[in-house]
Amino acid sequence: MKVFIPTPLRVFAGGKDKVEVGGATIAAALDELTQTYPDLRKHLFTPEGKLRAFVNVYLNDEDVRYLPEKEATAIRDSDTLSIIPSIAGGAPVRA
Amino acid sequence: MSTLRMTRAVYEEVRAHGEETYPHECCGALLGTVTPEGWSITSSARAGNTRTDSAHNRYSIAPIELVRIEREARARGLSIGGFYHSHPDHPAQWSQTDFAEAHWLGCSYVITAVAQGKATVTNSFFLAGTTEEDKRFDTERIDIAGES
């Protein structure tokens with residue numbers, strides 16, 4: 001399956017915007033991705049192995065956090081994973 | 001100081017978006033390609049602000065919207081090179097909230113001040129660094145294509 005790499009992480013994935021990985025589940029696919037590109041690991045996961053809070057992973061158009069089996073969800077070759085860091089902000093609160 | 005290149009059309013569009021959503025913050029993505037001189041932004045994609053609870057001074061883009069924006073950008077041979085948002089009645093300077101919520105290292109964050117409904121200053125800040133721990137905003141020049 002294809003994993004789409006967002007702009008800020010491409011430098012850690014050999015400059016690629018997409019990577020083909022194998023694996024039976026989302027977790028296995030991400031594990032293969034970070035085995036192939038070890039520098040990606042700390043940008044995606046905490047030291048405890050959890051996805052960082054600002055890292056969103058989508059299986060096709062579904063947020064992995066809300067899938068019944070989350071990272072244990074089985075994947076097909078035609079599926080895609082998109083890694084999307086959060087984007088938010090705003091002006092300071094007026095005193 | 002680094003430079004963010006963008007077309008006049010994108011520059012006017014991000015400012016117009018801020019005027020349309022005033023007194024709320026607008027937000028969207030900047031699309032383009034990387035050149036030896038840095039990002040060249042040739043298109044923008046408006047996004048919805050999910051912070052309806054505090055839209056006058058907060059913005060957030062739903063990740064699913066970014067999935068779709070990225071998919072459409074890929075089909076056009078473009079990548080997300082940054083984001084834009086507005087500060088209603090506040091300077092075009094990044095805030096601590098902007099910094100804390102900035103995670104797209106190597107991308108530009110464009111902010112437009114919208115005073116009483118009119119776009120005034122538009123500034124750009126490059127998110128430099130290699131990790132969450134050493135990231136920083138560097139002010140960058142905006143170079144309107146063909147006008148410098």
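Neighbour counting of Cβ atoms within 10 Å sorts the residues A:V55, B:V34, B:V114, A:V3, fewest neighbours leading, into B:V34, A:V55, A:V3, B:V114.
Helix A:26-36 and the longest principal axis of the C-alpha atoms of chain A enclose an angle of approximately 90°.
The magnitude of the dipole of region B:3-144, with charges of +1 and -1 set on the Cβ of Lys/Arg and Asp/Glu and taken from the Cα centre, is near 340 debye. Local charge for B:F125 was computed over the other residues whose Cβ lies under 14 Å away, with Lys and Arg +1 and Asp and Glu -1, and equals -1. Magnitude of the charge dipole for the protein assembly as shown, about its Cα centre and with charges confined to Cβ atoms of Lys, Arg (+1) and Asp, Glu (-1), is about 140 debye. Based on the alpha carbons, how large is the Rg to Rh ratio for region A:2-85 when Rh follows Kirkwood? When Rh is taken as the Kirkwood radius, the ratio is 0.91.
Would you tally the net charge around A:D31, using a Cβ to Cβ cut-off of less than 12 Å, leaving A:D31 out, and scoring K and R as +1, D and E as -1? For residues surrounding A:D31, the net value is -1.
For the pair A:R41 and B:T139, label points projected 7 Å from Cα toward Cβ lie 4.1 nm apart.
The sum of -39500 (n - 2.57) across all DSSP H runs of n ≥ 4, divided by the residue count of chain A, sets its helix-only mean residue ellipticity at 222 nm to -4000 deg cm²/dmol.
Taking the charge dipole of region B:2-148 about its Cα centre, with +1 at Lys and Arg Cβ atoms and -1 at Asp and Glu Cβ atoms, the residue from B:I41, B:Y84, B:P23 reaching farthest to the positive side is B:I41. Applying both filters, DSSP loop and at most 10 other Cβ atoms within 10 Å, to the trypsin sites (Lys or Arg not before Pro) of chain A gives A:R76, A:R94.
Grouping the Cα pair distances of chain B into 10 Å bins from zero gives a pair-distance distribution of 12, 44, 38, 6, 0 percent in increasing distance order. The Cα atoms of the protein assembly as shown cover 54, 40, 32 Å along the three principal axes, with the biggest extent listed first.
Read-outs: derived from the displayed coordinates by stated rules, not from any lab. Bear in mind the structure is a predicted one, so any value in this text is a computation, not a measurement. Neighbour counts run over all protein chains shown; Cβ positions are idealised from the backbone, glycine included.
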